[in-house]
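The values are calculated or read from the model by the stated rules, or taken from the named source; none is laboratory data. Quick caveat: nothing in here was measured; it's all calculated off a predicted structure. As a convention, Cβ positions derive from the backbone with ideal geometry for all residues, glycine included, and neighbour counts pool all protein chains shown. All accessible areas refer to the heavy atoms of the entire protein, side chains included, with ligands and DNA or RNA removed. Shrake-Rupley method; radii C 1.70, N 1.55, O 1.52, S 1.80 Å.
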Amino acid sequence: MAQRDLYLGLMSGTSMDGLDIALVEFSDNLPELVSHQQFELPDALQEKLHNLCDEQPNELHHWGELDREFAIFCADCVLEFLNRRNLSATAITAIGSHGQTVRHQPEGQFAYTLQLGDPNTLAALTGIAVVADFRRKDIALGGQGAPLVPAFHHAVFSSLKESRVILNLGGIANITWLPGTPTGVTGFDTGPANTLMDRWFKACHPDHVDDFDRHGAFAAHGDVKHEVLEQLLEDPYFSRPPPKSTGRDVFNLYWLQERIGDLDNYSRADIQATLVAFTARTVADAIQQWLPEQPDTIFVCGGGAYNPILMSALKAALPGAQWHATSVLGMAPQHVEAMAFAWLAYSYIHRKPGNLPAVTGASRPTILGGLFLP
């Protein structure tokens, strides 16, 4: 019997709320989820990662240490994941590791993006080949290096029967336009999704068991402050045409303070409610302004799909569309991104391009990532 073509996809997103691992089997180029698990980041590691996203002294030293510390954490999770499923390292063709983004600066003469989680360490500790560093080849070709998931969305979610938008509500929100034709796929980051809401919630509830506003309960106690919302919407990112991408380098609590001024003028719950409205408006405005037509259906993935307050705000902002979670397409919202990086590893091993130049602005399609052997 031929060995199954199994890959692991590792994803820790902008929100830094955990490491998702997806075990994915490929048959006839199509992925099928075998198993999924999320591992919580230890509090001390999470704090270090959050701190490194902000400017601080001795950053290179902290980067070097965290590059390996995060890789060791990922390796431990992979080994536990395999052990629980009675799988050996030899059963896995490769790991597709996104790494943890701590800087994303896609503009300027020397554009760059930085993800930590040393793939050499990950390969050595797991005994599995690792495909990693997916973003920098696209940037080398003049692209944004992000978002990368639209290529995966195109491969698994396209339909010739209708136009679709795949909306990923991670720390940053991004959309993929699937026009219902073989060509014309595009996508871009619309702006922040969970990252501002999560960081504000944590700042208001430093001792809370959750690092995020579960089910939008905190936001539900506040009122949208429309004058604040308009101030946030004035950021020039939102009027820039695609291709474009962003990150928490730009959209963070310092940015929020700079835009609003004295946050004490408003109740904390009102700010949370306004940030929900902000995410909904920026997604809706992006779809209305930058897509060639309005989609028939919007399918949502990422952690934000489980926030009913955010979903209600999105539906109110775009009432003409049909809204569904990607689970109706056979893929649960929390599985999509980890599966995407398993797919990118598969694409590398099989020498298939992993980017879409219409999305990132790269000069050509290219195989993404590099191979790191155990």
Given the structure, is Leu310 under 21 Å from the mean Cα position of the chain (by Cα) and either modelled with pLDDT under 95 or of a type in the set (A, V, I, L, M) (or both)?
yes
Taking region 124-133 on its own, how many of its residues are of a type outside the set (D, E, K, R), surrounded by fewer than 22 Cβ atoms within 10 Å (Cβ to Cβ) and assigned to a loop (DSSP other than H, G, I, E, B)?
2
Answer residue from region 160-175, given it is in contact with a strand residue (DSSP E or B) (Cβ under 7 Å, 6 or more places away or on another chain) and in a loop (DSSP other than H, G, I, E, B) and is least open to solvent (accessible area, probe 1.4 Å) among those:
Ser163
Residue under evaluation Ala91, criteria (1) surrounded by fewer than 21 Cβ atoms within 10 Å (Cβ to Cβ); (2) touching a His at 6+ places or on another chain (Cβ under 7 Å), criterion not met
(2)
Considering region 33-60 alone, what residues qualify as being assigned to a helix (DSSP H, G or I) and open to solvent by less than 50 Å² (accessible area, probe 1.4 Å)?
Leu45, Gln46, Leu49, His50, Leu52
I'd like to know if region 264-272 contains one or more residues that are on the phi < 0 side of the Ramachandran plot, under 24 Å from the mean Cα position of the chain (by Cα), modelled with pLDDT under 95 and open to solvent by 30 Å² or more (accessible area, probe 1.4 Å).
no
Only one residue in Thr195, Thr113, Thr121 is surrounded by 16 or more Cβ atoms within 10 Å (Cβ to Cβ), within 23 Å of Leu52 (Cα to Cα) and more than 22 Å from the chain's Cα centre (by Cα). Which one?
Thr121
The lone exception for Arg364 - which of (1) surrounded by fewer than 17 Cβ atoms within 10 Å (Cβ to Cβ); (2) touching a Ser or Thr at 6+ places or on another chain (Cβ under 9 Å) it fails
(2)
Can you tell me which residue is surrounded by the most Cβ atoms within 10 Å (Cβ to Cβ) among those in region 1-28 that are without any contact (Cβ under 8 Å) to a residue 60 or more places away in the chain and not small (Gly, Ala, Ser)?
Leu19
Filter region 273-308 down to the residues that are touching a Lys or Arg at 6+ places or on another chain (Cβ under 6 Å) and either under 19 Å from Ala220 (Cβ atoms) or open to solvent by 60 Å² or more (accessible area, probe 1.4 Å) (or both) and list them by number.
Thr274
Among the residues that make up region 341-352, is at least one of them at pLDDT 95 or above, of a type in the set (D, E, K, R) and over 29 Å from Ala273 (Cα atoms)?
yes
Just for region 273-304: of the residues that are assigned to a loop (DSSP other than H, G, I, E, B) and at pLDDT 95 or above, which one is farthest from Leu178 (Cα to Cα)?
Gly302
Scanning region 6-32 for residues that are assigned to a strand (DSSP E or B) and either acidic (Asp, Glu) or closer than 18 Å to Thr101 by Cβ (or both), which turns out nearest to the chain's Cα centre (by Cα)?
Met11
Per the filter on region 11-50, residues modelled with pLDDT of 90 or more and within 15 Å of Thr195 (Cα to Cα) are Ser12, Gly18, Gln46, Glu47, Leu49
Considering only residues that are part of a helix (DSSP H, G or I) and in contact with a strand residue (DSSP E or B) (Cβ under 6 Å, 6 or more places away or on another chain), look in region 314-328 and name the one that is surrounded by the fewest Cβ atoms within 10 Å (Cβ to Cβ).
Lys315
Going through region 336-360 in order, the residues found to be open to solvent by 30 Å² or more (accessible area, probe 1.4 Å) and of a type outside the set (A, V, I, L, M, F, W, C) are Glu337, Tyr348, His350, Arg351, Lys352, Pro353, Pro357
Criterion (closer than 30 Å to Phe212 by Cα, open to solvent by 30 Å² or more (accessible area, probe 1.4 Å), touching a residue at least 12 places away in the same chain (Cβ under 8 Å) and of a type in the set (A, V, I, L, M)) met by exactly one of Val156, Val102
Val156
